[in-house]
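Engineer: One structure is given below, represented as structure tokens, and several questions about it will come after.
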Amino acid sequence: MHGRPRKPLKPVDEAAVAAKAEKLRALQSEFLSNHQNKIYSKEAVELSAKLLEINPELYTAWNYRKLAVQQNLAQCESDPESVNSILDEELKVVENALRQNFKSYGAWHHRKWVLEKGHSSMDKELGLLDKFQAMDARNFHAWNYRRFVAALMKRSDEDELEHTQNMIDKNLSNYSAWHNRSVLLSNLMKKAAPGFTSKDEVLTREYELVREALFTDEDDQSGWFYHLWLLDQTVRSEFPLLVSSWPVEGSDISLPAADYLDGCASMNVFHYSSRNFPLVLYFNQSVRGVNSSTVSVSCGFNLNIDLIWKPLSSTDSQSAKVWATHLAIPDAELHSSEAYQVEVKVGFSQGIVSTTGVAYSHPSQISFQLHLQKTPLESGQDSRFGRIQWKDDCFAVYEPGSAEPDLVNLLDNLTIKNEVESTASTWQARIIDDETNIFRDLLDCKIGKLTVARLLTAYNSLRPLDKPVHCKEVLELYSELMKLDPSHYQYYKDNHSLVLLQQVTSSKESLLSRCFHYRDSTLSTNGSPLCLRLNNLAISQLGSFEKLLWVQMLDLSNNELQSIEGLEALQLLSQLCLSNNKFRSFTALESLRYLKSLKVLDISQNEIGSHSIDTTRYLFRSPLSHSVGSCDWNINYLSSETYWEAFFVLKDMGLTQLDVAGNAITSKSFNVFLEKLLPTLKWLDGVEVN
Amino acid sequence: MGELAADKHVKYILAVEKRKDNFESAVLEHLRMNGAYWGLTTLDLLGKLDAVDSNEIIEWILKCQHESGGFAGNVGHDPHILYTLSAIQVLALFDKLNVLDVDKVSTCILDESDIAGLQNEDGSFSGDIWGEVDTRFSYIAICGLSILKCLDKINVERAVNYIISCRNVDGGFGCTPGGESHAGQIFCCVAALAITGALHYVDKDLLGWWLCERQVKSGGLNGRPEKLPDVCYSWWVLSSLTMIDRVHWISKEKLIKFILNCQDTENGGISDRPDDAVDIFHTYFGVAGLSLLEYPGVKAVDPAYALPVDVVDRIFFGK
């Protein structure tokens, strides 16, 4: 089926081929009859061998031979000579078949089946494997079989590691050997086998080994992925750590205790009509076991109920990078101002574990103040103020006044200090530095530029408390790659966007320059909402969420986003603009299902409904991925067309304002469906809802 | 070269179905059930499923079913999970899953030699009673039972854990633990994880990069590093990229050109590489690839079930 040239048959050839086909059919027919009637005579078994030599993929023939072997073994009553001769015959048949097609699953499995009987020579098998690997060093069947034989022989990982070294020495361009090496090395490091206990030494050796592969032929991919794995092993933090939180350590937050306000508020004034105040914990990796035993929350007002911490993850896995809970805020007396000191202690009791099995062992404490105020209703702060318009002239640059030192303080403390990182291992920084200097010699080619960009990014990840360096150079490298390798333009673009966002969120000056007051003529500036505007940045992928947990109003319009994965961490989000992006389906908006405070959503001018293929179909909780029961599917919400994606995303949201115009999915019936689905809606596409 | 010769491909498929005199059909007789699935799904994607006699086909399918409940590749051959899935998929195309009547379905699920009985202690699946283990079979079991709406007959958690044990440091998956990443195995594992709601075990950025680097200079996709491009990888790689939302990391235009170049525009059919001999296998994967690339005139295909989206939606959302 592969690699045969296309050419029409000449009449003479056609006749010959037809005769060949007829003969084969006759043989197969006879064989199937033998099989049906359980005939295992010498002639019948030989027929099957003949067939398998012509067509090793005839799986029923391998099954038949196993039945024949079973019968013959039973008859010879364990006479070792007979047993060996029966099994040797099978091995011969397999060898003949493999000569025809050394990728035949049936043939290789039959050999394994024979070997498992325990009467065959292992050394002979290794010899056979060497022959096969000399013919084709990439045959994965042979590599699998080698693993099988090595296990039977109980060969050590160290010996097998040496075999991969031999293969690589023969030919650097052997991805299969590099892969095998990664498996063996991972095992040896995990077991802490002698000679493999110092990560520093092991990685330094491997970097040297793979360097040659990358430098010898810059287009050969054999070493690329191995090198990337080494880099990951170098910078990956073993320990689960708390990276950031909401509220931020040391913050001072004012809460109007009643649900007067139904819109936005300034930085420090929050209002939640449900009077639930979110606490968010953002870890450096996915963890389990965040609950009221492992995280203690103490505040002035009594919380008799155990807090329920939820993992912000679209699966039932009970593990996530981001966890959230809500404090139920009690009522306060009119004009009174109660201040409460809240202390969140994370991990002082055992129980939080990373998904890789490492226990959380660096307890953190976050303290902040909550002021409860019962703010009297001011005119102009009526809950029915006009709808949000995401236009430039509705935003005024934020000037930090003396009345609000807290935003500045907040932005200074976005990243949590972790002791284990400040005593950052010098060997990691040294390796990154060495590799960077070496790869700067390869900057004229794709893999060189990409590797240097990754190394510089890795360097920054080792120093999370410092401002990232080399951002400009990394951005330039990705821009060059977009031109050099246009087939993978979007891969480089997405990475470019991530670095850009790292740069934007890296300093308080940068963030402050993108904070705006939302100006509505009906509102006074006091209590007008603060918006972070990340619009018109040409970003195609989002990141740096750990720096944005404080954001309530976010403008991401006029970018190139097609996914908002990760946005679920922004639990305070109440107004969000995603207009003029590249969203293709409601399934791409899965993260919104976690934003319980979201009131205003603009997804106008996107591509929802324009695409026949949904690339987020399985990243979305629905009956298709068995993550939502079919009984949650309430048929009454459907109009004659199915809008099941929109249904699942929006059904539990308390939106007051929604914009969907400019998407192919929009229609009168869709809008009717939306109005039915969202009883709290006041504005749909700029029109007041009755 | 510039267009999809849909009519020619339809004619080719219908002709292959009937041809019995050439060597190729003799050698591939044992996997006719797969061939039926490839050919018929292609016809459906091109809007021409009604060109065949569904009753005749269904009759033949049922003749391939064994007392154990599993299906063989052709009449008289042994049952194997590979052909059981194709049988289920073809019946789904014709909306005739109900011919697997309740008794037969429960036998199919609970009997030792059928799908659910083929799950091993470690969560892996064997292809048949002879015990070959491969993540392909994990996908087949999960996909097949999901279509039959009885995924809970297997231990899903263990099945997922086994698949994860086959995950490699490059983000890809192999056929057994320690097996090298290969686009075919990656499709099987990613699709199985998609169907079981477990895609969070996939590092999308890492695997996405490995997958997008399958696109070589000619615009075609290979199955693993330093190998030749092949139209069938337009399915294995592309569907995997689609399921993890990274398909925008390759050049769709260049791939469309490559696939169209692999057509035999005179006699119909698509081959693995330009100017090679065509076959049903590559015809299906070429058309399915074009579907994922949103090529006009081709129905949308579901990247996890490898069936038209309207067939899958009918199974899960149909009233």
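Engineer: Please turn the phi angles of region B:290-303 into ³J(HN,Hα) values with the Karplus equation 6.51 cos²θ - 1.76 cosθ + 1.60 (θ = phi - 60°), one per residue in order, whole Hz, x for glycine and proline.
Structural biologist: 3J(HN,Hα) across region B:290-303, in whole Hz: 4, 4, 5, 8, 6, 5, x, x, 10, 5, 6, 10, 7, x.
Engineer: Still on this structure, I have one more. Roll a 1.4 Å probe over the protein heavy atoms and report the accessible area of A:M153 in Å², nearest 10.
Structural biologist: 60
Engineer: Name the aspartates and glutamates eligible as straight-distance cross-link partners of B:K18: C-alpha to C-alpha under 20 Å, and not fewer than 8 places from it in the same chain.
Structural biologist: By straight Cα distance, B:K18 reaches A:E14, A:E22, B:D7, B:E29, B:D44, B:D50, B:D53, B:E56, B:E59, B:D264, B:E266, B:D279.
Engineer: Residue by residue through region A:223-235, which ³J(HN,Hα) values in whole Hz follow from phi under the Karplus form 6.51 cos²θ - 1.76 cosθ + 1.60 (θ = phi - 60°), with glycine and proline marked x?
Structural biologist: x, 4, 6, 5, 5, 4, 5, 4, 5, 4, 5, 6, 9
Engineer: With only Lys, Arg, Asp and Glu charged, each at its Cβ (+1 for the first two, -1 for the last two), find how big the charge dipole of chain A is about the Cα centre; round to the nearest 20 debye.
Structural biologist: 1620
Engineer: Ignore the peptide's own chain and count Cβ atoms of other chains within 10 Å of each Cβ in B:297-306; give me the average, rounded.
Structural biologist: If you average over the peptide's residues, the count of other-chain Cβ atoms is 2.
Engineer: Another question about this same structure. Okay, helix-only estimate at 222 nm for chain B: each DSSP H run of n ≥ 4 adds -39500 (n - 2.57), divide by all residues, round to 500 deg cm²/dmol; what do you get?
Structural biologist: -14500 deg cm²/dmol
Engineer: List the pairs from A:K50/B:K96; B:K227/B:K252; A:K191/B:K217; B:K149/B:K299; A:K103/A:K321 whose alpha-carbon separation is above 31 Å, in the order I gave them.
Structural biologist: Violating the 31 Å limit, Cα to Cα: A:K50/B:K96; A:K191/B:K217; A:K103/A:K321.
Engineer: Keeping all protein chains in the complex and leaving out DNA, RNA and ligands, what accessible area do you get for A:D219 with a 1.4 Å probe, in Å² to the nearest 10?
Structural biologist: Using a 1.4 Å probe on the heavy atoms, I get roughly 90 Å².
Engineer: By a straight-distance test (C-alpha under 14 Å), which aspartates and glutamates pair with A:K472 as possible cross-link partners, with residues fewer than eight away in the same chain excluded?
Structural biologist: Excluding near neighbours in sequence, the set is A:E480.
Engineer: Right, another one. Return the long-range amide H neighbours of A:D252 (sequence gap of 5 or more, or a different chain), with a cut-off of under 5 Å between placed amide H atoms.
Structural biologist: Correct list: A:Q369.
Engineer: Kindly sort B:K20, A:K7 by accessible area of their heavy atoms, largest first, with the probe set to 1.4 Å. Spell out each step's value before the answer.
Structural biologist: Values: B:K20 115, A:K7 145 Å².
Accessible-area ranking of B:K20, A:K7, largest first: A:K7, B:K20.
Engineer: Then there's this: If you fit an axis through the alpha-carbon atoms of helix A:199-216 and take the longest principal axis of the Cα set of chain A, what angle between them do you get, 0 to 90°, nearest 10?
Structural biologist: Taking the Cα atoms of chain A, the angle to A:199-216 is about 70 degrees.
Engineer: Return the inverse of the average 1/r over all pairs of distinct C-alpha atoms in the protein assembly as shown, which is the Kirkwood hydrodynamic radius, in Å to one decimal.
Structural biologist: Roughly 31.3 Å, rounded to one decimal.
Engineer: Skipping prolines and chain starts, which residues have an amide H placed within reach, meaning under 5 Å, of the one on B:N120, given they are 5 or more residues away or on another chain?
Structural biologist: Excluding prolines and chain starts, which carry no amide H, the hits are B:F125, B:S126.
Engineer: Using only Cα atoms and rounding to the nearest 10 degrees, what angle (0 to 90) does helix A:175-191 make with the longest principal axis of chain A?
Structural biologist: So the helix axis and the longest Cα principal axis differ by about 70 degrees.
Engineer: Continuing with the same structure: Compute the long axis of helix A:157-170 from its Cα atoms, compare it with the longest principal axis of the Cα atoms of chain A, and write down the angle in degrees, 0 to 90, nearest 10.
Structural biologist: For helix A:157-170, the angle is close to 80 degrees.
Engineer: Whose amide H sits under 5 Å from the amide H of B:D276, counting only residues 5 or more places off or on another chain, with H placed in the peptide plane?
Structural biologist: A:R6
Engineer: Helix-only mean residue ellipticity at 222 nm, chain A, DSSP H runs n ≥ 4 weighted -39,500 (n - 2.57), per residue, nearest 500. What is it?
Structural biologist: -12500 deg cm²/dmol
Engineer: Select from B:P308, B:L221, B:W235 the residue farthest towards the positive end of the dipole of region B:6-317; place +1 on Cβ of Lys and Arg, -1 on Cβ of Asp and Glu, and compute about the Cα centre.
Structural biologist: About the Cα centre, the residue reaching furthest to the positive side is B:L221.
Engineer: Sticking with this structure for a sec: Across region B:227-242, in residue order, what do the Karplus-derived ³J(HN,Hα) couplings come to in whole Hz, using 6.51 cos²θ - 1.76 cosθ + 1.60 with θ = phi - 60° and x for Gly and Pro?
Structural biologist: Whole-Hz 3J(HN,Hα) from phi for region B:227-242: 10, 7, x, 7, 4, 5, 6, 4, 8, 4, 6, 5, 5, 5, 4, 5.
Engineer: Right, here's the next one. Could you pull out the pairs from A:K124/A:K154; A:K7/B:K254; A:K582/A:K682; A:K483/B:K257 whose alpha carbons sit more than 18 Å apart here?
Structural biologist: In this structure, A:K7/B:K254; A:K582/A:K682; A:K483/B:K257 lie more than 18 Å apart at Cα.
The values are calculated or read from the model by the stated rules, or taken from the named source; none is laboratory data. Since the structure is predicted, the reported quantities are computational estimates derived from the model, not experimental observations. Counting neighbours? That spans all protein chains shown, and the Cβs are built from the backbone with ideal geometry, glycine included. When the accessible area is computed, the model is the full protein with side chains, heavy atoms only, and any ligands, DNA or RNA have been set aside. Shrake-Rupley method; radii C 1.70, N 1.55, O 1.52, S 1.80 Å.
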